[in-house]
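The values are calculated or read from the model by the stated rules, or taken from the named source; none is laboratory data. What you see is a predicted model; the values in this text were computed from it and never measured. Quick note on the areas: whole protein, heavy atoms, side chains included, nothing else; ligands and nucleic acids left out. Shrake-Rupley method; radii C 1.70, N 1.55, O 1.52, S 1.80 Å.
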Amino acid sequence: MKATGDILDAMIKSGIETALGDEWIKFGATFEHNIDGSFSERTMALSVPYPGSNPPYQGNLVETQEQLNAWVERVHRAGIQVNCHANGDVAIDHMLTAIERAQQLYPRNDARPKITHCTDINTDLVRRIKAAGAVTALFTTYAYYNADKFHFYGQDMMSHMMAYRTLLDAGIPVLCRF
């Protein structure tokens, strides 16, 4: 992680921003800044306990909201597109909170923060993703590689996970990751 931090530091010091470049190559978003765990390992940060977990377990957050706020603010202020790995609804909420804060402090047109995975969503998160102008990058092969994990979540939880149609219908850009 230190190496990627060093690269980000160098980019910021050099004034490299997202979209710097030409028709052949342009700088894009940051590397994936990790906020929570994974769908397949049942470690993504959820607002409700994982079904059947005893004691009740709601996944893992990698850092505090304050730490995430500071990182997002630094990257956003430097003109670099933020890209965070956020699977669970709690992690997505944390990312959106950090983005909303950064935009309030340092408004930028077309910041396009990127939410990688964006697995577990709800109506409020969809509204906030749209308002933030965020881009979602869903992992398209979850259904193929991790279908054996679906039963751990149950039909109710799965009904709002990997919600391509919901995001598209809301007018939110959806990138497909493989």
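Computed over protein heavy atoms with a 1.4 Å probe, the carbon and sulfur contribution to the accessible area of the stretch 49-178 reaches 54%. Of all aspartates and glutamates in the structure, those lying under 18 Å Cα to Cα from K13, and not within fewer than 8 positions of it along the same chain, are E73.
Shown here: the stretch 104-178, whose C-alpha atoms stretch 43, 25, 22 Å along the first, second and third principal axes, sorted largest to smallest. Amide H contacts of T43: S38, each under 5 Å away and 5 or more positions distant or on a separate chain (H built 1.01 Å from N in the peptide plane; Pro and chain starts excluded). Contact order for the stretch 80-136, expressed relative to its length and based on alpha carbon pairs under 8 Å spaced 6+ residues apart, stands at 47 percent. Note on the stretch 112-140 and the stretch 34-58: Cα centroid distance 19 Å, given to the nearest whole angstrom. Taking every protein chain into account, the accessible area of the stretch 28-178 amounts to 48 square angstrom per residue (probe 1.4 Å).
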